[in-house]
Every structure is written in C-alpha cells, then in structure tokens.
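Here the structure is laid out as structure tokens; the discussion comes afterwards.
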Amino acid sequence: MLKDKTIILGVSGGIAAYKSAALVSRLKDLGADVWVVMTKEAARLVAPLTFRTLSGNPVLTDLFSEDAARTPVPHIALADRADLLIIAPGTANIIGKIAHGIADDALTTLVMATQARKVIAPAMNCNMWRNPLVGENVAKLKGAGWEFIGPEEGKLACGDYDIGRMTEPEEILARITGWLGGQQDLKGKKFLITAGGTREAIDPVRYISNRSSGKMGYALAEAALRRGAEVTLISGPTHLKPPSGAKHVPVETAREMHEAVMEHKGEQFAIIMAAAVADYRPTVTYWQKVKKSEDILDLSLTRTADILAALGQQKNGSRLVGFAAETNDHIENAHEKLNKKNLDMIVVNDIAAFESDISEIKIINRAGRVEALAPQTKNELADKILDRLLGL
C-alpha cells in the first residue's frame, strides 16, 4: 500500500518512543521506505540500533554523526525525498521549538527543510498538554498546515489516567495509509453513520438491549475517514474507541439516537444506519430498582420511533443505507424493508455476525440487484459498502 513512499519518522524524547518502533515495523510491512531521525533525548530512551534494524536504513541522531557523513547534506537529501514527515511522539519541547522556527538539531533542521506533509502525534503529561503556551504552539502549527493525531486519554507515565497519551501505532498507521496509500474519493463529502445498540431502561440497573457490538459502524466510519470524508458517528454504548477525526456523538436510548440523527442529518452526502436501534422500550421506567417478589414480572413495551423510515421520508438528496440483521428469509425481508423505508441500499447480514470481526453480507440496491460478498473482516467489507454506495 505504501510502496515507493518515503516516510521520515521523527522521534523525540518522550517515554512513548517505544511505540514508534512498532510504527516503523508496520510501515515497512506496507512497503514504505522509512528513515528515522531521533533527538538526543529519544536516543537515551530507545537505542538507535533498534530503529536501524527495523527500518533497514541509517538513523540520523545528529548532523555530524557517522551515518550522516555518508550522505552529503543529509537533512536536505532526506527532506527532498520525503512524502510525509511524522513526529511520534511529539513532546511539548519539540512542538515549541518547531512553532518558533528553532533548528538546532537533526530533527528540527530537517523539519525546516522539508516540503512534505507534516504530522505530529503528541505525547506528554496532561498538565503540559493543557498549558496555554503549548496550546498556542499547537494552534500556530495547525495554522501553518501541520496535522495532529491525538493525544488520547489513557494511563500516563506518571500513573494518572488523563489526556496526553500518544495515539496507538495502528491508528496512526491507518491515518498515514489514508493520506498516502488510499484513495481520497470521499474528500469533501459528509457522512452520518450510526453504530452500536441502544439501551432502554427498566429501572436504574436493568435495561433492554441487543447483541450489537458496533464494529460494523465503527469500521465504516474509519474507512470513510481514511478516504477523505467528514464523518459524524452517532453511537450507542460500545467498548470501541471512536476513530480519530470523527465527530463522535454518544447516545444511549433509541429516543436519544433519534434526536441526534435528526439534529445532524442535514447536508449529508450519505446516511448509513448501521446501529441496532431498539424497536421497543418499556412503557414505564421505574425510578427505583424493582425488587424480586413474584415468579413472573409482566413488562409492557411501547414502540420506539422508526428513525430509518423518518429519514426515508425526508432524504433531501442524501443517500440512505439501512442494515437488516435477519434469522430467516433474509432477502425477502430486506427487499421489503428497502422499499417500505425508501432506502437507496440495504446491507443484509445474519445475526451470527453480531460481536464477530468477520461477516458475510449481501448488498441490495434500489434496482433490486442482490450482490453476495464472501466472508471477510468488517474493515474489508466497510470499503466495499462505500464503493457500492458511490456507485448508486
């Protein structure tokens, strides 16, 4: 995917430098030519030999090192070859130096010389990230065209659980492949995607829900982002981390899902309803926990709003995609749902796909054409669903 692409990885002196070794390995797996440039502080945390072994290239630690001497004006030679420069981890120090035009080591000198796309994955203590001076430096770099990935919330080196953790290598890799290795055919298009199940409260501790994991909706959001789309992800409760770059709107109930979808549905190129929204909710929600008393507890249920049908009545130019999880008569039920709710496309899967990373689906378009896709990962299927959506 990244064959013939040259990527410079700048490693600055944060404890998250160990994660950058995994990033180099994955970039190499995808065919990239990776050159690592380290600050002297980073070289005290991870040995340059590690990156040299993983990248297959000399590691630049200063402009006068033995490796640097092999290439005339190394920072210029590398800067001219680069398709992308990413600094991971990006400390408060390196962000500040770059923001103020300081070029006093191999990494900052190379930064000043390259015209490649420039990215930073910050990693630092939460208080440092919230420092107004750091905020000003980040804003300055964003204004100069730098892109930021993260930071994330998580356990920090100091032991706190807070903002400041470097984004995981796999997510950074996904963003890089989207920029360099993937098609940007969705650039400028807005997508509204729903994911996960909803929870309908019986009392403060019990609820009605379903087995939806949200994996398909999240995979669709990630794929759309990778291909350049602007994504709003409305999600019921899941154990998944929202993809970086998406506008994440968390909801819990079918009513909250309905309100969020109606609020964000305007001016969308496509609306993909991958969420498993509850069809019924308890008629009465008890404000205290219901105690065990009788052998049978009768529970009265009321229909929830049909979000998909409401969208079908007022599409306003948006392409509308529904999902149908069935146990029997899959195609017949899906055809009926597609026509009744005025969908442009419907994705049919078996309930066995719930909670699994693998799914076997059928796609039915407005003309009634049925396409069966072989079992594959939901990440792979997400791109195929988007391909079919573009072809409508």
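Would you mind listing the helices (runs of 4 or more DSSP H) fully within segment 288-392 where at least 1 residues are touching a Leu at 6+ places or on another chain (Cβ under 7 Å), farther than 23 Å from Thr253 by Cβ and modelled with pLDDT of 90 or more?
The helices (runs of 4 or more DSSP H) meeting that bar are 378-390.
For the structure I just gave you, tell me whether Ile94 is crowded, with 17+ Cβ neighbours inside 10 Å, part of a helix (DSSP H, G or I) and modelled with pLDDT of 95 or more.
Details: crowded, with 17+ Cβ neighbours inside 10 Å: yes; part of a helix (DSSP H, G or I): yes; modelled with pLDDT of 95 or more: yes.
Yes: the conditions hold for Ile94.
Please work out which residue is farthest from the chain's Cα centre (by Cα), limiting yourself to segment 354-370 and to residues that are over 14 Å from Asn333 (Cα atoms) and of a type in the set (Lys, Arg).
Only one residue fits best here, namely Arg369.
Looking for whichever is under 13 Å from Ala16 (Cβ atoms) and of a type outside the set (A, V, I, L, M) here; the options are Glu136, Glu152. Which one fits?
It is Glu152.
Which condition number in (1) of a type in the set (Asp, Glu); (2) in contact with a Ser or Thr (Cβ under 8 Å, 6 or more places away or on another chain); (3) within 21 Å of Lys241 (Cα to Cα) is the one that Asp105 fails?
Looking at each condition in turn, Asp105 falls short on (3).
Test Arg70 against the criterion of being farther than 30 Å from Cys126 by Cβ and either at pLDDT below 85 or not assigned by TED's automatic domain parsing to the domain that holds Gly150 (or both), and give yes or no.
Yes; evaluated as a whole, the condition is true for this residue.
Can you work out which of the residues in segment 353-378 that are hydroxyl-bearing (Ser, Thr, Tyr) and within 22 Å of Leu390 (Cβ to Cβ) is surrounded by the most Cβ atoms within 10 Å (Cβ to Cβ)?
If we filter segment 353-378 for residues that are hydroxyl-bearing (Ser, Thr, Tyr), which is where we start, we get 356, 359, 377.
Filter once more, so that each one left must be within 22 Å of Leu390 (Cβ to Cβ): 359, 377.
Values: Ser359: 21, Thr377: 13.
It comes out as Ser359.
Pairs needed: first member in segment 279-291, outside the structural domain of His258 (by TED's automatic domain parsing) and surrounded by 11 or more Cβ atoms within 10 Å (Cβ to Cβ); second member anywhere, in a loop (DSSP other than H, G, I, E, B) and of a type in the set (Val, Ile, Thr); C-beta distance under 8 Å; at least 6 residues apart or different chains.
none
Which number in (1) modelled with pLDDT under 90; (2) surrounded by fewer than 18 Cβ atoms within 10 Å (Cβ to Cβ) marks the one condition that Ile15 misses?
Answer for Ile15: the failing condition is (1).
For segment 325-348, check the following and say yes or no: at least one residue is surrounded by 13 or more Cβ atoms within 10 Å (Cβ to Cβ) and closer than 22 Å to Glu256 by Cβ.
Checking segment 325-348: at least one residue is surrounded by 13 or more Cβ atoms within 10 Å (Cβ to Cβ) and closer than 22 Å to Glu256 by Cβ.
Between His258, His248, which is under 28 Å from Ile202 (Cα atoms) and in contact with a Pro (Cβ under 8 Å, 6 or more places away or on another chain)?
When all the criteria are applied, what remains is His248.
Provide a single number: the residues in segment 252-282 that are part of a helix (DSSP H, G or I) and either touching an Asp or Glu at 6+ places or on another chain (Cβ under 7 Å) or at positive phi (or both).
Within segment 252-282, residues that are part of a helix (DSSP H, G or I) and either touching an Asp or Glu at 6+ places or on another chain (Cβ under 7 Å) or at positive phi (or both) number 1.
Among the residues of segment 237-253, is any touching a Ser or Thr at 6+ places or on another chain (Cβ under 6 Å), closer than 30 Å to Gln376 by Cβ, modelled with pLDDT of 95 or more and crowded, with 21+ Cβ neighbours inside 10 Å?
The answer is no; no qualifying residue exists.
Does Arg52 qualify as being in the same structural domain as Ile87 (by TED's automatic domain parsing), of a type in the set (Lys, Arg), under 16 Å from Thr167 (Cβ atoms) and assigned to a helix (DSSP H, G or I)?
no
What single numbered condition from (1) over 15 Å from the mean Cα position of the chain (by Cα); (2) surrounded by 20 or more Cβ atoms within 10 Å (Cβ to Cβ) fails to hold for Arg175?
Of (1) over 15 Å from the mean Cα position of the chain (by Cα); (2) surrounded by 20 or more Cβ atoms within 10 Å (Cβ to Cβ), only one is false for Arg175: (1).
The values are calculated or read from the model by the stated rules, or taken from the named source; none is laboratory data. Please read these numbers as outputs of a predicted model, since none were measured by experiment. When we count neighbours, we look across all protein chains shown, and the Cβ atoms used for this are built from the backbone with ideal geometry, even at glycine.
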